[in-house]
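Notes follow the structure.
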Amino acid sequence: MTALTTWQTDDPCPACGAYLTEISGPSSDRVIQQCRGCAWSVTWAAPQPVLTAVQSDCLAAMAADAIACRCAAATGCAHCHESPAADCPEHSPDHALAESYRQLAADLTSAGGGQ
C-alpha cells in the first residue's frame with residue numbers, strides 16, 4: 001500500500017468556503033483537492049518541473065562546477081589515491097555531495113529540461 005500525503009491548504013472550497021485538503025501519493029501524477037465539510041472535490045495534474053534549454057544548460061554548468069570543486073580537494077590526498085575516495089574520512093562527504101549533484105542534475109533535466 002502506498003502512503004498518501006495529506007495537507008490543508010489556504011484555498012477555500014468554492015461550494016461552502018471551508019479550507020480544502022490536498023491529497024497526493026509519493027509517485028502520483030495527480031493531486032486531489034477536497035472539502036471535508038461538503039465533500040466537494042477536484043483532481044489536478046501534479047505540477048511537473050520544466051526547465052528551459054537555457055536553464056538546463058545553466059544547471060549542467062553549475063553541477064559541473066560544483067562537482068569539480070568538491071572533487072578537487074581530494075586530488076592531492078594520498079589516502080584517496082590508495083583506496084576509493086569513499087573510504088577517506090576527510091573527502092568522503094565531498095564525493096557523496098558530488099554524486100548527489102550528479103543525480104539531482106540528471107533528475108531535473110530528465111523531468112523536462114530543454115523543452
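Go through the range 10-21 and report how many residues are under 13 Å from Trp40 (Cβ atoms) and part of a strand (DSSP E or B).
Matching residues across the range 10-21 total 5.
If you go through the range 54-64 one residue at a time, do you hit one that is polar (S, T, N, Q), in contact with a helix residue (DSSP H, G or I) (Cβ under 6 Å, 6 or more places away or on another chain), in contact (Cβ under 8 Å) with a residue 40 or more places away in the chain and surrounded by 12 or more Cβ atoms within 10 Å (Cβ to Cβ)?
yes
Give the range 74-106 a look and list any residue that's modelled with pLDDT of 75 or more, within 30 Å of Ser56 (Cα to Cα) and open to solvent by 60 Å² or more (accessible area, probe 1.4 Å), or say none.
Thr75, Pro93, Leu97, Glu99, Ser100, Tyr101, Arg102, Gln103, Leu104
Considering (1) of a type outside the set (D, E, K, R); (2) in contact with a Ser or Thr (Cβ under 9 Å, 6 or more places away or on another chain); (3) assigned to a helix (DSSP H, G or I), say which one Val54 fails and leave the rest.
The failed condition is (2).
Please identify the pairs in which a residue from the range 31-53 that is over 18 Å from Leu108 (Cα atoms) has its Cβ atom under 7 Å from the Cβ atom of a residue that is among the β-branched types (Val, Ile, Thr) and open to solvent by 60 Å² or more (accessible area, probe 1.4 Å), counting only partners at least 6 apart or on another chain.
Final answer for the pair search is Ile32/Thr43.
Among the residues of the range 50-75, how many are within 22 Å of Leu97 (Cα to Cα) and either touching a Gly at 6+ places or on another chain (Cβ under 6 Å) or not small (Gly, Ala, Ser) (or both)?
Matching residues across the range 50-75 total 12.
The values are calculated or read from the model by the stated rules, or taken from the named source; none is laboratory data. Computed from a predicted model, the values in this text were never measured in an experiment. As a convention, Cβ positions derive from the backbone with ideal geometry for all residues, glycine included, and neighbour counts pool all protein chains shown. The protein model used for the area step is the full one, side chains on, heavy atoms only, and it has no ligands, DNA or RNA in it. Shrake-Rupley method; radii C 1.70, N 1.55, O 1.52, S 1.80 Å.
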